[in-house]
Amino acid sequence: MAFAALAAIGARADSFSDLRAKATPNGALIAKGTRIEGIVTSDYRSLNMGQNPQIAWNKTDTRMAYCTGYIQNEDASAGFRLIFKDLYDNRIPAGSRVRLDLSGCEVQREDNPERYTISGIAAEAVTILGQSEPAVKIRHIGELTPADLYTFVTLDGVEFLSKEGSYTNVREFYVQSTYINYFKKPADSDWFDEAGLYVKDDMGESLFLPVNSVCAWRRRGDRMPSGVGRVSGILVSETLRRSGLPGPYQLRIRGVDDVDIPMDGGSSYETIAEWNWDRNYYYALKCENGLKKWLERLRIDCDRVAPDAGEGWLGITVPGKMGLEKDYNSRCARDGLVAGEGNRECAAIVYDTKALDWFQNGAAVLVEASTKGFSGKALSFDFTWLAGYGTAESSAGFPAVWNVAYSIDGKSYIPVQQNFLLRPLAWTGSPVSYDAAVGYTENTVLLPALLLGRDRIFIRIMPAGRVAAAIHSDPSESIANGRPDAESKFALRIGKISLKALK
């Protein structure tokens, strides 16, 4: 971490609040003799305690996860992120009550949301005073505030948004090598690390759980918990560009032991309609014009597609071809006859179109469904998606920013106040955009209860303006600053679409 023009803090800061008051955005040098005491909630044995930064388009610094820890005060009202000098300096077991000598360390404040980091801690500065369980801090997602950042939080009433697959539904070719995927990876392809998944609670709020791909437990081969329960971890705020738009807060779990969700059980949501091709043994689409089989390579004219559950149709309003593609939500990287990718063959739909057509009025993914007989507090609309074929040529020119709108008559649509970024699948052989994804990104939005109990409702996923995706190997650049290109082809991949009633 870089700090500019460091000046020593000229007073002791033996409390969390005193030390925070001395922090600056550029960092401030902590005066000799300054100490704080607290409870360490991180686990130095976990490789999921911090975001490993992308230091080049094809290189990740995986040392940050080893060097990151967290400390909170007695009542869990405040916390600090700790950055140790070296991975061997971070050897504090979770639940340790410690005294830290911060002489010569640096403290930094970051804003939006407000949070604090102490860096430069050496092993000899740590005194372990004993063991102590952190204060129990139970929250619903909507109750989280900046005061909870870098403290240990338990989320109540949560379930996984996508219960298929694993903790990292990624293409294993591109992420860090572990025993999970070493047997089938191109040479020198340990490029990316960023992955994770969402949980959603019984109030309709969602939160992203980042999971570093260096964690060996992330894809164990067993299925994901499918019930409702609790998840505990350290609340953080990270950029996570490759994972969509994960919001101001995320929760870093130390491992699967922090997930207290039953493998089986109920849900706070009742499925109304779902398009999900995970058990697509005939490689087939149930089209309006009849069942179309063996679409792993064949492309057919775009047609409306029936759901696997419920009543409705899925289609697009622009001309093109459609077929089936891989999804990366198999439980194990060695799935069936395919090793090293974590794919499910033909478990996602792909639309091959001209990119320019999506910048015309009325261009949209159109979902039509019956909600008759369903009631509840709201309608949850969830979808996973991705763009391109994992090549530079298929990774730009399409609409980068999208919106969701709903209608009860198919004519007048009301947009939601939320945008969604569509990211291309990462590729090899040339500089990869910092916004390329290593798997399908999850999205969820809560729609009003007035959509429930109706013979037919309509939902559009549509471009929000004329900003096209651009490829950048400069991390300061955004994917959303390109221009529409008449020559660009656009492959839109949809892994799953679900409509569910929040009970």
(message) Filter region 405-436 down to the residues that are out of contact with any Pro (no Cβ under 7 Å at 6 or more places or on another chain), touching a residue at least 12 places away in the same chain (Cβ under 8 Å) and not in a loop (DSSP other than H, G, I, E, B) and list them by number.
(response) 406, 407, 415, 416, 418, 419, 420, 421, 424, 425
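Counting only residues that are within 19 Å of residue 163 (Cα to Cα) and among the β-branched types (Val, Ile, Thr), which one in region 428-444 is surrounded by the fewest Cβ atoms within 10 Å (Cβ to Cβ)?
Step one: of region 428-444, the residues within 19 Å of residue 163 (Cα to Cα) are 438-444.
The next check asks that each one be among the β-branched types (Val, Ile, Thr); those that pass are 438, 441, 444.
On the way: 438: 26, 441: 23, 444: 20.
The selected residue is 444.
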(message) Scan region 168-176 and tell me whether some residue there is touching a Cys at 6+ places or on another chain (Cβ under 7 Å), buried (at least 17 other Cβ atoms within 10 Å of the Cβ) and either in the same structural domain as residue 20 (by TED's automatic domain parsing) or of a type outside the set (Ser, Thr, Tyr) (or both).
(response) no
(request) Give just the number: which of (1) part of a loop (DSSP other than H, G, I, E, B); (2) closer than 27 Å to residue 207 by Cα; (3) not assigned by TED's automatic domain parsing to the domain that holds residue 203; (4) not hydroxyl-bearing (Ser, Thr, Tyr) does residue 83 not satisfy? (result) (1)
(request) For region 44-86, name all the residues that are at pLDDT below 95 and among the acidic types (Asp, Glu). (result) 61, 74, 75
(message) Quick check on my filter: what residues within region 318-364 are within 29 Å of residue 456 (Cβ to Cβ) and touching a helix residue (DSSP H, G or I) at 6+ places or on another chain (Cβ under 9 Å)?
(response) 318, 319, 320, 363, 364
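Could you tell me which of the residues 200, 163 is touching a residue at least 40 places away in the same chain (Cβ under 8 Å), surrounded by fewer than 20 Cβ atoms within 10 Å (Cβ to Cβ), of a type in the set (Lys, Arg) and within 25 Å of residue 386 (Cα to Cα)? Talk me through it step by step, then tell me what you get.
Values: 200 fails: surrounded by fewer than 20 Cβ atoms within 10 Å (Cβ to Cβ).
Exactly one of 200, 163 is touching a residue at least 40 places away in the same chain (Cβ under 8 Å), surrounded by fewer than 20 Cβ atoms within 10 Å (Cβ to Cβ), of a type in the set (Lys, Arg) and within 25 Å of residue 386 (Cα to Cα), namely 163.
Being surrounded by fewer than 20 Cβ atoms within 10 Å (Cβ to Cβ), of a type in the set (Gly, Ala, Ser) and within 21 Å of the chain's Cα centre (by Cα) narrows it down to one residue among 478, 407; which is it? Walk me through how you get there before you give the answer.
Working: 407 fails: within 21 Å of the chain's Cα centre (by Cα).
Going through 478, 407 in turn, the sole match is 478.
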(request) Look at region 65-102 and say how many of its residues are buried (at least 19 other Cβ atoms within 10 Å of the Cβ), without any contact (Cβ under 8 Å) to a residue 40 or more places away in the chain and over 14 Å from residue 43 (Cβ atoms). (result) 1
(request) For residue 17, work out the one condition from (1) of a type in the set (S, T, N, Q); (2) surrounded by fewer than 18 Cβ atoms within 10 Å (Cβ to Cβ); (3) touching a helix residue (DSSP H, G or I) at 6+ places or on another chain (Cβ under 8 Å) it doesn't fulfil. (result) (3)
(request) Among the residues of region 241-279, count how many are assigned to a strand (DSSP E or B) and under 17 Å from residue 224 (Cβ atoms). (result) 7
(request) Give, as residue ranges, the strands (runs of 3 or more DSSP E) completely inside region 182-237 that count at least 2 residues that are outside the structural domain of residue 63 (by TED's automatic domain parsing) and over 14 Å from the mean Cα position of the chain (by Cα). (result) 229-236
(request) Could you list all residues from region 316-375 that are part of a loop (DSSP other than H, G, I, E, B) and basic (Lys, Arg)? (result) 331, 372
(request) Mind listing just one residue for me: the one in region 249-284 that is hydroxyl-bearing (Ser, Thr, Tyr) and more than 22 Å from residue 327 (Cα to Cα) and, of those, surrounded by the fewest Cβ atoms within 10 Å (Cβ to Cβ)? (result) 267
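The values are calculated or read from the model by the stated rules, or taken from the named source; none is laboratory data. Everything numeric in this text was worked out from a predicted model, so none of it was measured. In this analysis, Cβ positions are derived from the backbone assuming ideal geometry, glycine residues included, and neighbour counts consider all displayed protein chains.
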